[in-house]
Each structure stands twice: as C-alpha cells, then as structure tokens.
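Peer 1: Got a structure here, written out as structure tokens. Questions coming.
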Amino acid sequence: MRTSPNRLIATVFGAVYLLVGILGFFVTAGVGFFATEGNALIIFEVNPLHNIIHLAIGAALLSAGMKSVSAAKGVNTTVGAVYLLVGVLGLFLVGTSLNIIALNGADNVLHLASAVLLLGVGLSQDKSTHASKTRAHAA
C-alpha cells in the first residue's frame, strides 16, 4: 500500500466516508429517510439515505484499498465518476423535491473535490499495473 497512491487514497477515503456515514446517524434522528432537507453534520446536510450511501461508498473504497492496486484503481475511478455526476447534478437539485439525499452547497463542493481527487489518482497513477498485466497476457 505504501507504493500505491490508489490503494492509499481508497483506504483513507474509505475510512473517512465510513466514519461520516456512522456519525451521520447520530444527527438524523427524526429526519425522513428521503427528506429533501437533512440535519447538519458539521456543515453538510444528511438524511438516513445519505448516511447509507456514505457507508456503502466507504466500504467499497476501504475494501478495494485493502485488496489490490487494480481493485483500488477501479473503485477510485468509478466512485470518482459517480461523485462528479452527483456534484454536477447536486447543483440543480438543491431546493427541489428531487433532492432525496438532502444535498446542500457544502455537499456539492465535497463531492466535486472528491471526484477530482479520486478520478485524478485513479486515471493517472499506478499505470505500471496495467502495463504489467498486458505484458503478462502477451507472454
């Protein structure tokens, strides 16, 4: 893991998102599962669905980070792409009835920043892993 930026980022982000998912349940008592406005976790709004999504993403990232470089690279890229989509869509969802995960401006900034980091690392680092597999299959 020390030599793989993908494994490091996946593990750290996974642990943070798992923690955020768990902590979110301490502030969402009485909030509807699909509520368009949630309670604040620091500056981020969360509802129970948002917490479950954080737990799932955290578990996927942490698991991939602990498993292998290729797993971490794939999950970083996939989660990064999803966060890019959520960050952009979130700009239009805040204040509407379609905002079922209680996004606010701070969430959108965090999702876009996470997307940049996850996609940046996933697409640019650990290229030798792919090259090694290609050479192994050619042999």
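The numbers here are math on the coordinates, done by the rules we state, and not lab data. Since we're looking at a predicted model, the values are computed, not measured. As a convention, Cβ positions derive from the backbone with ideal geometry for all residues, glycine included, and neighbour counts pool all protein chains shown.
Peer 1: Give just the number: which of (1) more than 25 Å from residue 26 (Cα to Cα); (2) over 12 Å from the mean Cα position of the chain (by Cα); (3) not polar (S, T, N, Q) does residue 90 not satisfy?
Peer 2: Against the list (1) more than 25 Å from residue 26 (Cα to Cα); (2) over 12 Å from the mean Cα position of the chain (by Cα); (3) not polar (S, T, N, Q), residue 90 comes up short only on (1).
Peer 1: Give the number of residues within segment 85-130 that are within 12 Å of residue 45 (Cα to Cα) and of a type in the set (Val, Ile, Thr).
Peer 2: Total meeting the criteria: 3.
Peer 1: Could you please give the count of residues in segment 1-52 that are under 24 Å from residue 99 (Cα atoms) and either without any contact (Cβ under 8 Å) to a residue 40 or more places away in the chain or more than 12 Å from the chain's Cα centre (by Cα) (or both)?
Peer 2: So the answer is 33.
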